[in-house]
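This report concerns only the one structure given below.
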Amino acid sequence: MRKFFAVTAAAVTALGGISLMSAPASAETFITIGTGGQTGVYYQVGGAICKLVNRGTKDHDIKCTHTTGGSVKNINGIRAGDLDMGVAQSDWQYHAYNGTAPKQFPDGKFEELRAVFSVHPEPFTVLARKDSGIKTFEDLKGKRVNVGNPGSGQRGTMEVVMEKMGWTMDDFALASELKSSEQAAALCDNKVDAIVFTVGHPNGSIKEATTSCDAVLVNVNNDVIKKLVEDNAFYAMATIPGGMYNGTDEDVETFGVGATFVSSTRTDPEVVYQIVKAVFDDIERFKKMHPAFANLDTKRMITNNLSAPLHEGAARYYKEKGMM
Ligand code: GLU
């Protein structure tokens, strides 16, 4: 969070070579939200939140911008103080707070991490070229697969799944690390056979791929996956409805996580309060900002998928409104 003094009534008078400037009239607080690639849904979450916040800048003096990144990068950015808030998968929120993923979070437990609210569900989504012959998740072995860029949530979740499946990167003919915004083009240019994206639906990336070339969504529901879900509260089985994308008319069964909005104790409770207020006071408008938000329910948003404690500023708003 950076504070800038906006000189709204600066009177600069030159008197015999001496410049005098009036005292600043107001202080603006700039906050940055970490999101994800432009064709995903996180970017839309950040955009929607900032839009609602920036409508009220004249009242609260907060200005909001959002950057790309992905779950793990966002959480580490908050920890480093580069970001004030961010969107992150529920599994990575859990691991960051509890210190259970040393590869993603080498500094151990992030005890200052705070949950703000949860957003849309994110199924673990596998999309394959039709001509690749991939019909089941197990068929990925030996193929060219985009496993996602380091720092993204899907890359981390893919690594968890690979470990459970007994796979290493060497089990693929190619394991590419393209960003989510690049993967649809790579699939349709036949640079990879399949892409993996943990993301809300519908989203631009899967739409782009399924309208540009023949591609099908693949079930991820074998016994290894079912056991993984059973053993971890932050995973659940999930369905991607048939007919949402070209080429996939049947429902697709997979597992998934929830997208959550997080911050840290370092971010001023008053700022978090104002951001939560901007979203929840106008929740119907927020829900219309992206089809993946259509089924959001405010009760579930403040209870589901949150493993870190609620941020003090968020809790203040929820209590004031009698929501908790
Ligand atoms: N779940 C993905 C991640 O954590 C991002 C999904 C999106 O961009 O909507 O990196």
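The values are calculated or read from the model by the stated rules, or taken from the named source; none is laboratory data. Computed from a prediction, not measured in an experiment: that's the story for all the values here. With ideal geometry, Cβ positions are generated from the backbone for all residues, glycine too; neighbour counts draw on all protein chains shown. Protein only, heavy atoms only, side chains kept; ligands, DNA and RNA dropped before computing areas. Shrake-Rupley method; radii C 1.70, N 1.55, O 1.52, S 1.80 Å.
Of all residues in segment 261-304, those being assigned to a helix (DSSP H, G or I), surrounded by 15 or more Cβ atoms within 10 Å (Cβ to Cβ) and not β-branched (Val, Ile, Thr) number 12. Taken together, Asp84, Asp107, Asp91 contain a single residue that is at pLDDT 95 or above and either open to solvent by 20 Å² or more (accessible area, probe 1.4 Å) or among the small types (Gly, Ala, Ser) (or both), which is Asp107. Whenever a residue of segment 269-296 is farther than 12 Å from Val53 by Cβ, its partners that are of a type in the set (Gly, Ala, Ser) and crowded, with 20+ Cβ neighbours inside 10 Å, lying with C-beta atoms within less than 7 angstrom and at least six residues away or across chains, give the pairs Pro269/Gly313; Glu270/Gly313; Met289/Ala48; His290/Ala48; Ala292/Gly200.
Residues of segment 84-108 that are within 16 Å of the ligand (Cβ to nearest atom), small (Gly, Ala, Ser) and part of a loop (DSSP other than H, G, I, E, B): Ala101 alone. Per the listing Met162, Met169, the residue uniquely open to solvent by 10 Å² or more (accessible area, probe 1.4 Å) and more than 17 Å from the chain's Cα centre (by Cα) is Met169.
Here Thr125 meets the list (1) farther than 30 Å from Val262 by Cα; (2) part of a strand (DSSP E or B); (3) of a type in the set (S, T, N, Q) almost entirely, failing just condition (1).
Would you check which residues across segment 172-203 are assigned to a loop (DSSP other than H, G, I, E, B) and open to solvent by 10 Å² or more (accessible area, probe 1.4 Å) and list them? Across segment 172-203, the qualifying residues are Phe172, Ala173, Glu177, Leu178, Lys179, Asp189, Asn190, Lys191, Asp193, His201, Pro202. Only one of the numbered conditions (1) within 16 Å of the ligand (Cβ to nearest atom); (2) over 21 Å from Cys213 (Cα atoms); (3) not in a helix (DSSP H, G or I) is not met by Glu111, and that is (1). Note on segment 184-205: residues that are within 18 Å of Arg144 (Cβ to Cβ) and of a type outside the set (D, E, K, R) total 12. The condition (being within 12 Å of the ligand (Cβ to nearest atom) and either open to solvent by 50 Å² or more (accessible area, probe 1.4 Å) or farther than 17 Å from Ala259 by Cα (or both)) is satisfied by just one residue among Lys58, Lys63, Lys73, Lys51: Lys73. Working only within segment 50-80, note down all residues that are part of a strand (DSSP E or B) and aliphatic (A, V, I, L, M). Result: Ile62, single match. Looking only at residues of segment 212-229 that are open to solvent by 60 Å² or more (accessible area, probe 1.4 Å) and out of contact with any helix residue (DSSP H, G or I) (no Cβ under 9 Å at 6 or more places or on another chain), we find that the one that is farthest from Leu296 (Cα to Cα) is Asp223. Total residues in segment 128-154 satisfying the condition of being open to solvent by 50 Å² or more (accessible area, probe 1.4 Å) and either farther than 27 Å from Lys73 by Cα or in a loop (DSSP other than H, G, I, E, B) (or both): the figure is 9.
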